[in-house]
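Read-outs throughout are calculated quantities, based only on the coordinates presented, and are distinct from any laboratory measurement. All values reported here derive from a predicted model rather than from experimental measurement. Heads up, the Cβs are rebuilt from the backbone with ideal geometry, glycines too, and the neighbour counts pull from every protein chain shown.
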C-alpha cells in the first residue's frame, strides 16, 4: 500500500468543521432518501442541523454536492496514490477502490439495514437527473486529477495522449465498481458482496493489463 508523510494533526476548529461537514452530509442523505431529492431544500437540511443555510453553502457549493463527501475523499486518495512515481496506475486505482468498498461494507457488517440504504442511494442517483449529472462531473474531475498526477510523474502535459488514455482507462474501473456493487447488493451478505466486487474489479483490471487487442 502506498503511504505518504504523516498528516499534521487537526486543530480543534478543523475537527469541529470536519464534524459539521459530515453531519450536514449525513443528515442530507437521510432526508433525501426518506423524501426524495427534489422534495428537500437546502434550508430544510440547515434547519435539521441547527445551522443557517449560508453555513451549509460554506461547506457545500451546491445541493448535489451534499452527497459528494465520498467523492471528495476518493479524488484526493487517487491523487495521493498516483503521486508516487513507483505506483503502478492500475494497482493504485484498485487500492483506492478496494478501500472505498471496505468503507461501504464495514457498516453493512454492523447492521444489515445499511446495505438497503446503499441500494436506495444508488436508486436515488439513477432516478434524479441532477444527481446523475453531478456524478458525471465527479467522474470527469477524477479523470482529470488522474491525468494531472500521471503527467507530473514524467514531466509531460496532462493533455498528452499517454496520461489522457491511462487516466481514462483506470477511472473506467469506477464504472465497473458501481455496477458490480448495485448488482450484488440484493444478496444482503457484505462479505460475499465485497468478494464478488473485488473479483469483478480485478477481472476488469486484467483486461487493461493484457491490452484491448486481446479481448
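What shape does region 78-171 have by the C-alpha gyration tensor, where a ≥ b ≥ c are the square roots of the eigenvalues, rounded means a/c under 1.5, and otherwise prolate means a/b greater than b/c and oblate the rest? In terms of gyration-tensor shape, oblate.
When you count the other C-beta atoms within 10 angstrom of each residue and take the mean per peptide, 35-43, 94-102 line up highest first as 94-102, 35-43. Sorted largest first, the principal axis extents computed over the alpha-carbon atoms of region 16-126 equal 48, 32, 27 Å.
Listing 21, 199 from fewest to most neighbouring C-beta atoms within 10 Å gives 199, 21. The angle between the Cα long axis of helix 173-184 and the main principal axis of the chain comes to about 60°, on a 0 to 90 degree scale.
Over the chain, the reciprocal of the mean inverse Cα-Cα separation, the Kirkwood hydrodynamic radius, stands at 18.8 Å. Taking every alpha-carbon pair under 8 Å whose residues sit at least 6 apart, region 68-214 reaches a relative contact order of 28 percent. Using the Cβ-Cβ distance between residue 73 and residue 12 with R0 = 30 Å, the FRET efficiency computed as 1/(1 + (r/R0)^6) comes to roughly 0.85.
Helix 89-110 and the longest principal axis of the C-alpha atoms of the chain enclose an angle of approximately 30°. Once you divide the Cα radius of gyration of region 11-65 by 2.2 N^0.38 Å, the number left is 1.09. Taking the square roots of five times each eigenvalue of the Cα gyration tensor of region 34-86, the equivalent ellipsoid has semi-axes of 31, 12, 7 Å, listed largest first.
Compute a Gaussian network model of the chain, connecting alpha carbons closer than 10 Å, and tell me which residue from 81, 141, 55 fluctuates the most. In this elastic network of the chain, the residue with the biggest mean-square fluctuation among 81, 141, 55 is 55.
If you line up the long axis of helix 129-154 against the longest principal axis of the chain, both from Cα atoms, how many degrees apart are they, to the nearest 10? Tilt relative to the chain: about 40 degrees. Using a Gaussian network model of the chain in which every pair of alpha carbons under 10 angstrom is joined by a spring, one finds that among 29, 62, 166 the greatest mean-square fluctuation is at 62. For residue 165 and residue 57, a Förster radius of 35 Å and the Cβ-Cβ distance give a FRET efficiency of 0.40, rounded to the nearest 0.05.
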